[in-house]
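Q: Would you mind keeping the following structure in view while I ask a few things?
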Amino acid sequence: MPDFRIFCPMYGRLTNSITDNLTFLIETSMRRIALFIIILLLTVNLFPSVKASPEPDSFSVIQLSDTQYLSESSAYENLTGWIADHSAAYNLRMVIHTGDIVDTYNSVIQWEHASQAMMILQENNIPYCWCAGNHDSKGSYQEGAYVPLDNYTWLGSSYDAFNISVLSNKAYWVSSCNNGKSTAATFTFKAYHFLVISIEYLANETAIQWMKNLIESHSSDNIIVSTHSYLDTFGNTTGGWGTDGSRQDNTIWGSAGGVWETSLRNILMSYPSVFMILCGHMQADVDQNVNGKEEIMFGDNVNSVRIYTFNMTSKTVNSATYRLGLLVSEFSFPVKLSSFSNTAFQNIYLTLIAMAITVPIVAVIILMKKNLGTYSRKRILGS
Ligand SMILES: [Zn+2]
């Protein structure tokens, strides 16, 4: 009778049969798999408590708009000074200026006032971005050209606070287009990543394509798009005042017939990651939800700041507008936001589970082959 006893590496002794040997191997491997999975699950369960931090569960984004008359004096600095003083209290993450920074595109004194005011944010390490409004570049308002404007003069880059060479060194800066008439910046709150894309008044195809590329390359972010002219006073994308029977000048302040604004809305509606669209330009407040996207016009914007406070527990945003420190309007709306690290963590978790299952199985197969080879050799040798 051939001797079927073979050496079992797991137990360091001779076993009586291949079946016994495999049983030992499988039992041992299964114990190790079970132990590994238990450790993994314990680790997973510990993560929520590790993630919980004393940091408040809310943060804010501030919108400024149509500061054109403030830029005529140093009064603009009162606004940004107030923001700097309150940034910690509001857990401020980003300031978005939706255009008409100055009233006259080539007024040196207005740009200087605007730059000095916005430098208060920069000096206090408060991230900000902006877009050019119709008053900020030559040709749009001043020359009565109401079609998408290519390369009209923009002098903002000559001033410190709007110098894209300087801002491109900031960690929050993403990129700009058309020499800084359109800008993009990013911020993070815990596991939530946000991208703000601010596109200039009646942006040309170059800027629209730049915006599309950013949205598509940041599809996992929660994206806010801001621009200057988007809604009319009734919330339609017809441009300007809209049509209420008395004022029908909707081709004067926006694009003719709202073609640009309507086109922008159609583009943005095809991107699920865009959850909020901000604009200024007209003197009316609008807040509406269109296909899951919150469209907001900050019309009560003279000498005012609008604070969007994101409550991440209730997933609601409270909008409060303050003028000279006094609350003048308020509204709230729900938001659906996606968390980056949850997805990343789930991927890591699933990968580890897959490894925990497959690695021991492969090890068992290798050992089986090895032991069967030993058994075959023994049979051939007749020992
Ligand atoms: Zn305007």
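Laboratory data are not the source of any read-out in this text; all were calculated from the coordinates shown. Keep in mind that this is a model prediction, so the values were computed, not measured.
Q: Output wanted: per-residue J couplings in Hz (rounded whole) for the range 290-299, from phi through Karplus 6.51 cos²θ - 1.76 cosθ + 1.60, θ = phi - 60°, x for Gly and Pro.
A: Result, ordered by residue: 10, 6, x, 10, 7, 9, 10, 10, 8, x Hz.
Q: In whole Å and largest first, what semi-axes does the C-alpha gyration tensor of the range 58-338 yield when each eigenvalue is scaled by 5 and square-rooted?
A: 24, 22, 19
Q: Step through the residues of the range 194-200 one at a time and calculate ³J(HN,Hα) from phi using the Karplus curve (6.51 cos²θ - 1.76 cosθ + 1.60, θ = phi - 60°), rounding each to whole Hz and writing x for Gly and Pro.
A: Rounded to whole hertz, the list is 10, 10, 10, 10, 10, 10, 5.
Q: Calculate one ³J(HN,Hα) per residue across the range 56-67 by plugging θ = phi - 60° into the Karplus curve 6.51 cos²θ - 1.76 cosθ + 1.60, and present them in order as whole Hz with x for glycine and proline.
A: Ordered by residue, 3J(HN,Hα) equals x, 8, 8, 8, 9, 10, 10, 10, 10, 7, 6, 7 Hz.
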